[in-house]
1. Quick one: how many residues across segment 1-14 are more than 12 Å from the chain's Cα centre (by Cα) and of a type outside the set (D, E, K, R)?
2. Just checking, how many residues over segment 1-19 are among the hydrophobic types (A, V, I, L, M, F, W, C), in contact with a strand residue (DSSP E or B) (Cβ under 7 Å, 6 or more places away or on another chain) and surrounded by fewer than 14 Cβ atoms within 10 Å (Cβ to Cβ)?
3. Looking at segment 40-57 only, could you name the residues that are out of contact with any helix residue (DSSP H, G or I) (no Cβ under 9 Å at 6 or more places or on another chain) and among the polar types (S, T, N, Q)?
4. Residue under question is ARG22, and the condition is that it be among the charged types (D, E, K, R) and either surrounded by 14 or more Cβ atoms within 10 Å (Cβ to Cβ) or modelled with pLDDT under 95 (or both); does it hold?
5. Would you pick out the residues in segment 25-57 that are open to solvent by less than 50 Å² (accessible area, probe 1.4 Å), part of a loop (DSSP other than H, G, I, E, B) and under 15 Å from LYS67 (Cβ atoms)?
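The values are calculated or read from the model by the stated rules, or taken from the named source; none is laboratory data. Since this is a predicted model, take the numbers as computed values, not measurements. Neighbour counts run over all protein chains shown; Cβ positions are idealised from the backbone, glycine included. Accessible surface areas use protein heavy atoms only, side chains included; no ligands, DNA or RNA. Shrake-Rupley method; radii C 1.70, N 1.55, O 1.52, S 1.80 Å.
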Amino acid sequence: MNFDKELDASGLACPLPIVKTRKALSGLLPGQVLRVIATDSGSVSDMAAYAEQTGNALLHSGQEGGKYVFLLRRA
């Protein structure tokens, strides 16, 4: 899937991946997609909860090369 911006949050522990995701999404226009890469296993549940609470769409949540990858569409 195509994305408009990428955020590499590798090596950051909770809550920093979500904090950085929030900041990166705020710089996007509604409908644009952010790709987030993280290494913190807690980010899997955190991203799902964040998307639900904010109304942003979690389009993808998976693993690539031992890292967690998420695609979020800004509401």
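1. Let us first name the residues in segment 1-14 that are more than 12 Å from the chain's Cα centre (by Cα), namely 1-2, 4, 11-14.
With of a type outside the set (D, E, K, R) added as a condition, the list becomes 1-2, 11-14.
Number of matching residues: 6.
2. 1
3. Selection gives SER41, SER45, GLN53.
4. On the way: among the charged types (D, E, K, R): yes; either surrounded by 14 or more Cβ atoms within 10 Å (Cβ to Cβ) or modelled with pLDDT under 95 (or both): no.
Judged against the criteria, ARG22 is not a match.
5. Of everything in segment 25-57, those that are open to solvent by less than 50 Å² (accessible area, probe 1.4 Å), part of a loop (DSSP other than H, G, I, E, B) and under 15 Å from LYS67 (Cβ atoms) turn out to be ASP40, GLY42.
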